[in-house]
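Here the structure is laid out as structure tokens; the discussion comes afterwards.
The values are calculated or read from the model by the stated rules, or taken from the named source; none is laboratory data. Computed from a prediction, not measured in an experiment: that's the story for all the values here. Cβ sites come from the backbone with ideal geometry, for glycine too, and all protein chains shown count toward neighbours.
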Amino acid sequence: MVRQDPATQADYDVAVPGESLTGELGAKPYEQPPMMPTVEENVQFYMQQLLNPQIMPRIAANLDRGRRVSDFAEFLVTSGVAEGRHSIDVGVLVLPVVMETVALIGDMYDVEYDMGLPTGSEESEDHFVDLAKTAVQAEQGIEPEYEDVMGLEEEPMMEEMPEQIEQAAAPAGLMARR
């Protein structure tokens, strides 16, 4: 028989610390199966929403204020995941279509916009031009010309490698083999 001391007996019917910050498992929309599980359904949904005549001027105004296309599209797709419309992997597949549609709206309203992608820089364009030039020269059998960008001259090649490599000295010490 176990005796309990009423003075040490505690009431254990209290909330665990942090319990108020959690929700019931499966209560959030993104914890349920998606409403539209396929990429095709989601592309159709986003096209209908974005190409709505009442929404297009708002999108163009946002682009005109300097919002990047990539940020706008990521916000839409992330909202779709949070609402349980589609899963995150379907959202990743739909994202390029949403970005191109938002850019199309910017073109329709003659708005200058930033796609938010680093490949549109002048350095990357110059790099692609250099790659194409090198490929054309190689195809024509011309030795490609490389610019000395760093201002370095070519170093002379090593004339000859010595035939014999000096053998390492025999190990010495307490643990060395005899």
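Structure data summary
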{"read-out": "Every residue from segment 35-50 that is surrounded by 17 or more Cβ atoms within 10 Å (Cβ to Cβ) and closer than 18 Å to PHE72 by Cα", "value": "ASN42, VAL43, TYR46, LEU50"}
{"read-out": "Residue ranges of helices (runs of 4 or more DSSP H) in segment 16-107 with at least 1 members within 23 Å of the chain's Cα centre (by Cα) and among the charged types (D, E, K, R)", "value": "39-50, 69-82"}
{"read-out": "Unique residue being modelled with pLDDT of 85 or more and not small (Gly, Ala, Ser) when the list is ASP13, ASP110, ASP5", "value": "ASP110"}
{"read-out": "Restricting segment 72-104 to residues that are surrounded by fewer than 15 Cβ atoms within 10 Å (Cβ to Cβ) and of a type in the set (Asp, Glu), the residue that is farthest from PRO33 (Cα to Cα)", "value": "GLU100"}
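For every residue, the table says whether it meets (1) at pLDDT 95 or above; (2) on the phi < 0 side of the Ramachandran plot; (3) of a type in the set (Asp, Glu); (4) loosely packed, with under 14 Cβ neighbours inside 10 Å.
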residue: GLU24; (1), (2), (3), (4): no, yes, yes, yes
residue: ALA27; (1), (2), (3), (4): no, yes, no, yes
residue: TYR30; (1), (2), (3), (4): no, yes, no, no
residue: PRO33; (1), (2), (3), (4): no, yes, no, yes
residue: ILE55; (1), (2), (3), (4): no, yes, no, yes
residue: ASN62; (1), (2), (3), (4): no, yes, no, no
residue: ARG67; (1), (2), (3), (4): no, yes, no, no
residue: SER70; (1), (2), (3), (4): no, yes, no, no
